[in-house]
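Only one structure is covered here, and it is reproduced in the block below.
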Amino acid sequence: MASHSASQKGATMTDIEKVPTSRAETNNQAEGTLNEKSESPEEILPGWTIMRPLKMRGLKGKGKGHAALSSNASSNVSRNGNGVNSIDKKGNDEIKVTATNDTGDGPGGIGEVEALHEVRSDDELLGPEDDGPSPRRVTADHGLENGGDQTNGASNGGHVYKVYKRRWFGLVQLVLLNIIVSWDWLSFSANSTTTSQYYNVSPSTVNWLSTAFLFAFVVASPVTIYTLHHGGPKPSIITASVLILLGNWIRYGSTRSGKHGSFGGVMFGQILTGLAQPFVLSAPTRYSDLWFTNRGRIAATAVMSLANPFGGALAQLIDPSWANSASDIPNMVLYIAIISSIATIPSFFIPAHPPTPPSPSGHDEKQPLGASLKILFNSPEFYMIMIPFTFYVGLFNSISSLINQMLQPYSFSENDAGIAGALLIVVGLVASAITSPIIDKTKSFLLAIKIQVPIVAISYLAFTWAPQTRDLAAPYAILSILGAASFSLVPVVLEYLIEITHPVSPEVTSTICWTGGQLLGGIFIIVSDALRANGPNDGTADDHTDRPPGNMWRALVFQTVMALVVVPLPLMLGCFGRNHHVRMRRVEADKEATGRRDVENGGVHAT
């Protein structure tokens with residue numbers, strides 16, 4: 001019997017982690033078993049000195065947690081005549097429980113558990129990387145070997161939940177692409193007068209470069225939703241990179257074509273970059289859901305989404321300094337094309353998806369596109385958030401494109417207008433960087449929306465009279481407040497829509513919202529341009545009245561009305577007995593999954 005036990009121990013020793021010799025077991029003469037882990041076969045210790053560690057590597061089976069293991073052990077373990085615990089043949093034949101004497105091994109006592117099945121996370125199988133500690137080993141169907149959390153290997157339902165350092169690679173790449181695509185959008189709007197002189201067209205024609213860019217977004221949106229839903233962020237990012245490369249170099253080649261360039265060629269290149277925008281602007285929410293937990297999604301979405309207007313701020317600040325005269329326009333377009341090329345190269349090397357999901361909701365199967373659209377369009381709460389969002393995105397696109405033409409009739413320079421546009425964006429980015437982590441931690445989405453929406457509307461109202469002051473303080477201060485409220489609102493709305501519509505796929509809600517904003521932005525630009533007063537709008541005809549030639553007073557009134565009319569919608573969220581329709585469904589899904597995991601772990605919280 002001693003030889004049989006020794007051979008069986010040797011057969012399983014390669015599959016389990018050996019117990020250190022400092023915890024040596026003894027030879028129990030009553031059981032007739034030779035313990036090979038003792039430092040010496042002749043050493044015999046009293047039974048009460050024995051330490052029996054419990055080491056579990058993995059268990060086969062479905063839906064069995066630690067509680068199941070305990071109950072199975074007590075019901076399937078029986079004593080044989082030699083005092084050795086053995087597993088009932090009807091129990092789990094993958095586990096062998098051994099004991100060396102009767103001390104402490106009564107009912108409920110557990111000896112050493114030897115598992116013949118081991119499962120590790122994908123990263124551990126692939127070898128160590130720069131992702132920090134490898135994921136904790138887990139059983140095939142539940143739990144952790146040594147506990148864990150959602151950031152370091154928590155598991156549930158047969159899956160390891162872990163976030164990876166490589167997620168920052170894709171995040172940075174989306175930031176770069178959003179910056180450059182927005183820079184492409186406002187390449188010519190920041191210095192519309194100089195651009196019109198070089199291409200020998202009117203300022204209204206120059207506005208069509210921005211308008212066509214926004215309308216191109218709408219055209220590409222259905223393809224964007226399909227790509228993100230079926231392929232994920234990486235195919236979307238690669239598609240955008242190719243379009244950005246082609247669009248920028250076509251713009252440059254057309255700019256160098258003849259004395260005044262080829263405006264039609266520039267328009268074509270601009271449309272290509274416009275087609276690229278939805279692939280990177282709609283991707284952040286999908287990327288956050290795929291790579292981040294609910295403790296970091298809103299911050300990640302904010303960084304990636306708000307990089308888009310940051311590119312516009314760079315255009316507002318840098319482009320006028322690169323194009324002081326009409327002859328400088330070709331060089332400006334060349335510099336942007338070179339920067340675009342550098343920014344797009346890393347797109348082809350980002351990982352497609354994490355080896356394991358970051359959280360239970362990240363692993364949940366999303367609704368098909370048809371079912372998702374049906375859920376959204378039958379939800380009043382979706383409309384109450386989506387409509388104000390699209391209006392404010394449209395107004396932002398309009399004021400960013402026309403800020404130069406709104407201020408110049410009042411003797412502001414292109415540089416003054418560029419700084420005003422940059423303040424709108426930069427202050428907004430700073431405010432969002434402060435508020436996003438707070439809202440992410442407190443999950444106060446609804447409160448933030450109900451506070452920020454009225455501030456945005458009041459800011460548009462105040463800006464109506466700002467140009468007439470002919471003092472930089474008024475437009476700078478008002479645009480800074482407008483930017484702070486608007487930019488803080490963007491990631492909150494995008495993430496909150498995903499929360500209340502879960503498990504609708506994130507790219508569906510974000511793409512619909514962004515598409516509506518681009519469409520309305522193009523429409524608002526056309527309407528505002530039509531409401532412009534007659535006369536030159538470059539400031540040369542300024543008569544120092546409230547309505548100088550070329551002023552856009554009526555356009556300012558129009559955008560104020562649009563900003564105010566949608567305010568009541570978000571303020572009514574959760575009212576009229578519909579509070580249960582604005583709850584955080586995705587956060588609840590993660591909490592429920594965590595609760596199930598705790599129950600499976602025997603009531604012990606695994607995080």
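The values are calculated or read from the model by the stated rules, or taken from the named source; none is laboratory data. Remember, predicted model here, so these are calculated numbers, not experimental data. Here Cβ is always computed from backbone atoms with ideal geometry, including for glycine, and neighbour counts include all displayed protein chains.
A few notes on this one:
Listed here are the residues, each with its yes/no results for (1) among the β-branched types (Val, Ile, Thr); (2) within 19 Å of the chain's Cα centre (by Cα); (3) modelled with pLDDT of 85 or more.
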position	(1), (2), (3)
Ile336	yes, no, yes
Ser341	no, no, yes
Ile345	yes, no, yes
His353	no, yes, no
Pro357	no, yes, no
Gly362	no, yes, no
Gln367	no, yes, no
Ala371	no, no, no
Ile375	yes, no, no
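- Set Ile458, Ile451: member being among the β-branched types (Val, Ile, Thr) and within 17 Å of Leu556 (Cα to Cα): Ile458
- If you check Leu424, Leu519 for being in contact with a Gly (Cβ under 8 Å, 6 or more places away or on another chain) and crowded, with 22+ Cβ neighbours inside 10 Å, only one passes: Leu424.
- Checking the stated criteria, Ser325 turns out not to satisfy the condition of being closer than 19 Å to Pro235 by Cα and assigned by TED's automatic domain parsing to the domain that holds Tyr226.
To keep it simple, each residue is scored yes or no on (1) in the same structural domain as Ser202 (by TED's automatic domain parsing); (2) within 26 Å of Pro309 (Cβ to Cβ); (3) outside any loop (DSSP other than H, G, I, E, B); (4) not small (Gly, Ala, Ser).
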{"position": "Gln518", "(1), (2), (3), (4)": "yes, yes, yes, yes"}
{"position": "Gly521", "(1), (2), (3), (4)": "yes, yes, yes, no"}
{"position": "Asp529", "(1), (2), (3), (4)": "yes, yes, yes, yes"}
{"position": "Arg532", "(1), (2), (3), (4)": "yes, yes, no, yes"}
{"position": "Thr545", "(1), (2), (3), (4)": "yes, no, no, yes"}
{"position": "Ala555", "(1), (2), (3), (4)": "yes, yes, yes, no"}
{"position": "Ala563", "(1), (2), (3), (4)": "yes, yes, yes, no"}
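- Single match in Ile458, Ile438 (criterion: in the same structural domain as Ala190 (by TED's automatic domain parsing), among the β-branched types (Val, Ile, Thr) and either more than 17 Å from Met562 (Cβ to Cβ) or buried (at least 22 other Cβ atoms within 10 Å of the Cβ) (or both)): Ile438
- Members of the stretch 494-547 that are among the polar types (S, T, N, Q) and either more than 26 Å from Gln468 (Cβ to Cβ) or touching a residue at least 60 places away in the same chain (Cβ under 8 Å) (or both): Thr501, Ser505, Thr509, Ser510, Thr511, Thr515, Gln518, Ser528, Asn537
- Note on the stretch 306-342: residues that are surrounded by fewer than 22 Cβ atoms within 10 Å (Cβ to Cβ) and among the acidic types (Asp, Glu) total 1.
- Test: Pro491 is touching a residue at least 12 places away in the same chain (Cβ under 8 Å) and surrounded by fewer than 24 Cβ atoms within 10 Å (Cβ to Cβ): no
- Residue check for Pro491: in a helix (DSSP H, G or I) and closer than 24 Å to Ser436 by Cβ: yes
- Just so you know, in the stretch 461-473 the residues that are of a type outside the set (A, V, I, L, M, F, W, C) and either outside the structural domain of Arg547 (by TED's automatic domain parsing) or in contact (Cβ under 8 Å) with a residue 12 or more places away in the chain (or both) include one that is farthest from Phe389 (Cα to Cα), and it is Arg470.
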